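Q: Can you keep this structure in mind? I'll have questions shortly.
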Amino acid sequence: MLAVSSEVPFHFGSNWFDCWTEAFGPADVVGGLHVVAAQRRIGPLSLRVLRSATNPHSVHYGVSDAMPLHDDLPQRLLAHARAAAVELDYLPEGSRLLEAATRWRGVRVRVAPHALAPLIDTTGSYDDWLGRRSKRIRTLLRRENDAAAKLGMRFEKLSTDPTAGDLWQRMLALEQAGWKGRERSAILDDPAATRFYTALAKRAAAAGALQIGLLWLGERLVAFEFGVLGGGRLFLLKVAYDEEFASLSLGHVLASWMIRQCFEQPGIDCYDKMGNGMTPAPYKLRFADACAPLYRVTIYARGPRGATLFAYDAARARAKAWRDARRAAA
């Protein structure tokens, strides 16, 4: 399994969370953790909880190595909002926060995977990585790249601020013109998401953490990947392509170029496709070397509110395990 880097990641610092709070609202900082108050409902019962400041496309959550993690952190979090529980999402294996959660005493803690992230190990060479793909995948990539090249498509990697000109709006318009726009899930369909990703593009560029891959046909933008660097990883946040060229699988073409760039760029040891559920999209799995779980840590308060929520979560987990077992046996 790929190790979590000891570097101070871009996404653990103020650059990331300032963008988050500007877009989604203020967050409190308790023991170095950015958290927000929320409500969970169990039938007619509404319970106050504290949650990590994350969204459905968040990268790893946690704290840098420079930030101390005190033993009384669970109690401080619970007391901060008088919450029935605290939910911390997107914790990777090997992270300090996840390891600390296994040692907390005096509170009831539940640790469970809630997402899988497809990973590409970029510590070797691109040719070695490509050689480990199946013959079908290698043939597919060669055919698709050749077809794009015959049309005159070209690849460009960008690390400067795309919002300084019209490129950023062209990228967002391209995403909205496809299936995400039809499902109303594109960045432009959500004002908060638009604020977040726009601010993130600016701050990541200023911090040297921005990575954008572009495919052009002349002056026409036909595909893009948008990601940020942190802790030796390139996290893929958004991808889009022009559906007029769907038969060329431009997503594959651009991904192969971005993977090649990761191998060629010092300091990147992993291309993280990210995941916000336990069933990653097939296109994210196609080139992956492994899938890494991301965990949710839930801390339950003492007393009836915390006990009620713990019982509810435990019952849901048992029901899901039973359902998954039946599906696997079918």
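Q: Of all strands (runs of 3 or more DSSP E) completely enclosed by the stretch 229-329, which ones contain at least 2 residues that are of a type in the set (Gly, Ala, Ser)?
A: So the answer is 290-300.
Q: Considering only residues of the stretch 160-173 that are open to solvent by less than 40 Å² (accessible area, probe 1.4 Å) and over 21 Å from the mean Cα position of the chain (by Cα), which is nearest to residue 255 (Cα to Cα)?
A: Top of the filtered list is 167.
To keep it simple, each residue is scored yes or no on (1) modelled with pLDDT of 95 or more; (2) out of contact with any Lys or Arg (no Cβ under 6 Å at 6 or more places or on another chain); (3) surrounded by fewer than 13 Cβ atoms within 10 Å (Cβ to Cβ).
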{"residue": "45", "(1), (2), (3)": "no, yes, yes"}
{"residue": "50", "(1), (2), (3)": "yes, yes, no"}
{"residue": "57", "(1), (2), (3)": "no, yes, no"}
{"residue": "64", "(1), (2), (3)": "no, yes, no"}
{"residue": "70", "(1), (2), (3)": "no, yes, yes"}
{"residue": "85", "(1), (2), (3)": "yes, yes, no"}
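Q: State all residues of the stretch 238-260 that are under 21 Å from the mean Cα position of the chain (by Cα) and either open to solvent by less than 10 Å² (accessible area, probe 1.4 Å) or within 15 Å of residue 177 (Cβ to Cβ) (or both); if no residue qualifies, say none.
A: 238, 239, 240, 241, 251, 254, 255, 256, 258, 259
Q: Additional query: Tell me, which residue of the stretch 31-79 that is without any contact (Cβ under 8 Å) to a residue 24 or more places away in the chain and part of a strand (DSSP E or B) is nearest to the chain's Cα centre (by Cα)?
A: 34
Q: Quick one: which of 321, 317, 292 is among the aliphatic types (A, V, I, L, M), on the phi < 0 side of the Ramachandran plot and open to solvent by 50 Å² or more (accessible area, probe 1.4 Å)?
A: Result of the check over 321, 317, 292: 321.
Q: Let me ask something additional. Looking only at residues that are among the acidic types (Asp, Glu) and part of a helix (DSSP H, G or I) in the stretch 104-159, which one is most open to solvent (accessible area, probe 1.4 Å)?
A: The extreme case among them is 127.
Q: Same structure, new question: Counting only residues that are open to solvent by 20 Å² or more (accessible area, probe 1.4 Å) and farther than 8 Å from residue 62 by Cα, which one in the stretch 88-97 is farthest from the chain's Cα centre (by Cα)?
A: Here the answer is 94.
Q: Kindly check whether there is at least one residue in the stretch 193-216 that is farther than 30 Å from residue 232 by Cβ and either open to solvent by less than 60 Å² (accessible area, probe 1.4 Å) or not basic (Lys, Arg) (or both).
A: no
Q: All but one of (1) over 29 Å from residue 110 (Cα atoms); (2) at pLDDT below 95; (3) among the hydroxyl-bearing types (Ser, Thr, Tyr) hold for residue 279; which doesn't?
A: That leaves (1) as the condition not met.
Q: Here is a further query. Could you tell me whether any residue of the stretch 268-278 is more than 17 Å from residue 232 (Cα to Cα) and either surrounded by 16 or more Cβ atoms within 10 Å (Cβ to Cβ) or more than 17 Å from the chain's Cα centre (by Cα) (or both)?
A: Among the residues of the stretch 268-278, at least one is more than 17 Å from residue 232 (Cα to Cα) and either surrounded by 16 or more Cβ atoms within 10 Å (Cβ to Cβ) or more than 17 Å from the chain's Cα centre (by Cα) (or both), which makes the answer yes.
Q: Take the residues of the stretch 9-56 that are touching an Asp or Glu at 6+ places or on another chain (Cβ under 6 Å) and hydroxyl-bearing (Ser, Thr, Tyr): which is farthest from residue 191 (Cα to Cα)?
A: Ranking the candidates gives 52 first.
Q: In the stretch 216-234, what residues are farther than 20 Å from residue 65 by Cα and β-branched (Val, Ile, Thr)?
A: 222
Q: Something else now. Of all residues in the stretch 163-185, which are of a type in the set (Lys, Arg), farther than 14 Å from residue 212 by Cα and either assigned to a helix (DSSP H, G or I) or in contact with a Lys or Arg (Cβ under 6 Å, 6 or more places away or on another chain) (or both)?
A: Answer for the stretch 163-185, where residues must be of a type in the set (Lys, Arg), farther than 14 Å from residue 212 by Cα and either assigned to a helix (DSSP H, G or I) or in contact with a Lys or Arg (Cβ under 6 Å, 6 or more places away or on another chain) (or both): 180, 182.
Q: Looking for whichever is out of contact with any Asp or Glu (no Cβ under 9 Å at 6 or more places or on another chain) and of a type in the set (Lys, Arg) here; the options are 233, 296, 316. Which one fits?
A: Of 233, 296, 316, the one residue that is out of contact with any Asp or Glu (no Cβ under 9 Å at 6 or more places or on another chain) and of a type in the set (Lys, Arg) is 316.
Q: Taking the stated definitions as given, is residue 183 open to solvent by 50 Å² or more (accessible area, probe 1.4 Å), acidic (Asp, Glu) and more than 22 Å from residue 253 (Cβ to Cβ)?
A: Considered against the rule, which asks whether it is open to solvent by 50 Å² or more (accessible area, probe 1.4 Å), acidic (Asp, Glu) and more than 22 Å from residue 253 (Cβ to Cβ), residue 183 comes out as yes.
The values are calculated or read from the model by the stated rules, or taken from the named source; none is laboratory data. Keep in mind that what you see is a predicted model, and the values were worked out from it rather than measured. A quick note on method: Cβ atoms are made from the backbone with ideal geometry, for glycine too, and the neighbour counts reach across all protein chains shown. Note: areas computed on protein heavy atoms with side chains; ligands, DNA, RNA excluded. Shrake-Rupley method; radii C 1.70, N 1.55, O 1.52, S 1.80 Å.
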